[in-house]
Amino acid sequence: MAKLRVGVLASGRGSNLQSLLEQSLGGKIDAQVVLVASNKADAGALEKAREAGIPTRVIDHRGFASREDFDTAMVAALREAGVELVVLAGFMRLLSKVFLEAFPQRIMNIHPSLLPAFPGLNVQRQALEYGARFSGCTVHFVDGGLDTGPIIIQAVVPILEDDSEQSLAARILAEEHRIYPRAVQLFAEGRLRVEGRRVRIAPKADPPETALVNPALPG
Ligand code: GRF
């Protein structure tokens, strides 16, 4: 079966990209990263992509008059690469309608909190200052809001007595690296269906019978 063609957008270090690459190149998920694009030429994610031999693109948002123009260029690059699923991994730009309408229900994001708690930036600090006892991470489909789209998968981690922003972020990041590839695999298997705010996950289908055996095999 053809692998799902994934385009990853990242503005930073790229550890989520790395975990996706390990899973896809290791044949653990039915997806292949066909393009890594960034709005920042110095993003660590681009370096990781190059090391893995994945095509990269830099599209600097500062070169565009509007968000829509930038998104149009990004969409063109993704289409050119035949991308079927867009994976945002630390991509620090809000998407306009132009982008959302080009890939309806085909854009995912990962956020380092248990949404809907603590959207936006400085998330670990927000959770610590609030005094929450648990935090975690969320993979969701992207809609027009900030970290508001339908939730696909979440992981919970405890907040410990002596946690700093850094130690909490590291505990959450370890879970991010586990759940993002899983969300991509569920999508690749065609098992995700959005119903309003809820994402329904269909049971795994049995592989289709490809051979007819006569006389029948036992069992
Ligand atoms: C992650 O914490 C992710 O949840 C957030 O941005 C960070 C990206 O980290 N959206 P990395 O670039 O994947 O290492």
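Observations on the structure shown:
- Paramagnetic label zone (point 7 Å from Cα along Cα-to-C-beta, ARG125; backbone N under 11 Å) in the stretch 150-166: 165
- Net length gained if the chain between ALA205 and VAL98 were fully extended (0.36 nm per residue, minus Cα distance): 35.1 nm
- Residues with amide H under 5 Å from that of ASP143, placed H, sequence gap 5 or more: THR148, GLY149
- Computed over the stretch 1-104: relative contact order in percent, which uses C-alpha pairs under 8 Å that are six or more apart: 35 percent
- In Hz, Karplus ³J(HN,Hα) per residue of the stretch 7-12 (6.51, -1.76, 1.60; θ = phi - 60°; x = Gly, Pro): x, 9, 10, 8, 10, x
- Share, in percent, of DSSP beta bridges within the stretch 109-201 that are antiparallel, nearest 5: 95 percent
- Per-residue Cβ neighbour rank within 10 angstrom, fewest leading, MET1, MET92: MET1, MET92
- Over all Cα atoms in the chain, the spread is summed up by Rg and Dmax: 18.8, 69 Å.
- Count of Lys pairs (Cα-Cα under 22 Å; at least 8 positions apart or interchain) in the chain: 7
- Once the Cβ-Cβ distance of ALA170 and ASP30 is raised to the sixth power relative to R0 = 30 Å, the FRET efficiency obtained is 0.55.
- What separates the Cα centres of the stretch 113-169 and the stretch 18-61 is a distance of 24 Å.
- Looking at the chain alone, DSSP beta bridges between its own residues are antiparallel in about 45 percent of cases.
Computed from the coordinates by the stated procedures, all read-outs in this text should not be read as laboratory data. Keep in mind it's a predicted model, so treat the numbers as computed, not measured. Cβ: placed from backbone, ideal geometry, glycine included. Neighbour counts: every protein chain shown.
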